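Below is one structure, written out as structure tokens; the observations come after it.
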Amino acid sequence: MRVGERRYRTIWLADDGWSVEIIDQRRLPHTFVTERLVSLAEAAEAIRTMAVRGAPLIGAAAAYGFALAMRADPSDDGIAAARTTLIATRPTAVNLRWAVDEVTTVVRQLPAERRAGAAYRRAGEICDEDVAINAAIGDHGCALIEAAWVEKGRAGRVNVLTHCNAGWLATVDWGTALAPVYRAHDAGIPVHVWADETRPRNQGAALTAWELGRHGVPHTVIVDNAGGHLMQRGLVDLCLVGTDRTTRAGDVCNKIGTYLKALAAGDAGVPFYVALPGPTIDWTIRDGLREIPIEERAADEVTTISGRDAQGRIVNVGLTPEASPAANYAFDVTPARLVSALITERGVCAASEEGLAGLYPERATAV
Ligand code: MRU
């Protein structure tokens, strides 16, 4: 997407042909800074600290982290170390493990001297595939936004509620949940987005609002607890969220708070759609509640908050009594029964084993 005069992806190879550049998302929305990663350790740290984040992007970053590792040590031990380091960074999004497995499969069959080149090639392909996948999700999801507009008699605007950031910043480009919004906006369909702030990391307030604003998409930031109220009053036409891992039976794991939005949407009769690329489907599991590991992050993400003060300085302030412990569950699971439909690069389907198997017959072998 465009930032100022330049088109950006969220991750790319630097001019030297081997180091990896990223947008440091910890600094947004206040400052747009890019950072250069030169080692496996730096790539792993960027994923762990959420300089890069969002399921598809951490998959791409892990693939490039693997390539950096192969440049330094292409031995079998180097492969094992890269896998362990990268997989330990964030446990919930399955794209990370998927990307690490993809690169491992390619390099394992090669002699050591050819492993780095092959890893870079596969990482580049993973990035290009992600962009193509998300563009297709945009087309399929745009049809749903257009249908909502037609249902409203093409009057007013289509109000979409989204949670967290599943826009271009969370992927290599386009985004998953926001790709349909960009497509609709670009096609002249009047679309407005309610962006949940998404405590504690505020991906909605900081990132979704920033990227929608850059693209000129009308949006309003709301506190996380406002969504149910808006849905009850007919101010939301559809919910559209991303996912970090969706089971083969259609259970959806996404940023903490997604489940509450799905419950409210069900009660208020608002369609609840989940946009996802194929690599986000975990074909090895069915029961999201029991089988998806939920990342627990540091308590200080809950007990403190950072922002820009009146002098333009970024400051971190405390929110809670010093003696109060805090818990920080980063994701929750929305059962398939609360999901109106899944939007994938291959089309729209029911959130069910049959629905997903219909779109991905080659993956739907028995487990
Ligand atoms: O903790 P984050 O910011 O990495 O979580 C991101 C989300 O929950 C997104 O909704 C999900 O990764 C889908 S991104 C296209």
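The values are calculated or read from the model by the stated rules, or taken from the named source; none is laboratory data. Because the structure is a prediction, the values reported are computed rather than measured. Reconstructed Cβ throughout: ideal geometry from the backbone, glycine too, with neighbour counts over all protein chains shown. Only protein heavy atoms, including side chains, enter the accessible area calculation; ligands, DNA and RNA are left aside. Shrake-Rupley method; radii C 1.70, N 1.55, O 1.52, S 1.80 Å.
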Report summary line: Only one of (1) touching a residue at least 12 places away in the same chain (Cβ under 8 Å); (2) outside any helix (DSSP H, G or I) does not apply to A132, and that is (2)
**Report entry** Sole exception among (1) part of a loop (DSSP other than H, G, I, E, B); (2) over 24 Å from G278 (Cα atoms); (3) of a type outside the set (S, T, Y) for A206, by number
**Finding:** (1)
Query raised in the report: Does the range 69-83 include one or more residues that are in contact (Cβ under 8 Å) with a residue 40 or more places away in the chain, outside any loop (DSSP other than H, G, I, E, B) and open to solvent by 30 Å² or more (accessible area, probe 1.4 Å)?
Result: yes
Query raised in the report: Within the range 149-193, which residues are open to solvent by 10 Å² or more (accessible area, probe 1.4 Å), touching a helix residue (DSSP H, G or I) at 6+ places or on another chain (Cβ under 6 Å) and not in a loop (DSSP other than H, G, I, E, B)?
Result: R183
Report task. Within the range 176-191, track down each residue that is closer than 17 Å to V221 by Cβ and either near the ligand (Cβ under 9 Å from one of its atoms) or of a type outside the set (V, I, T) (or both). Result -> A177, L178
Requested in this report: For the range 230-256, name all the residues that are assigned to a helix (DSSP H, G or I) and either open to solvent by less than 30 Å² (accessible area, probe 1.4 Å) or within 17 Å of R199 (Cβ to Cβ) (or both).
Outcome: L230, M231
Query raised in the report: Is there a residue being modelled with pLDDT of 95 or more and within 16 Å of the ligand (Cβ to nearest atom) anywhere in the range 148-156?
Result: no
**Report entry** Cβ pairs under 9 Å, 6+ apart, first in the range 97-113 and not assigned by TED's automatic domain parsing to the domain that holds D73, second assigned to a helix (DSSP H, G or I)
**Finding:** none
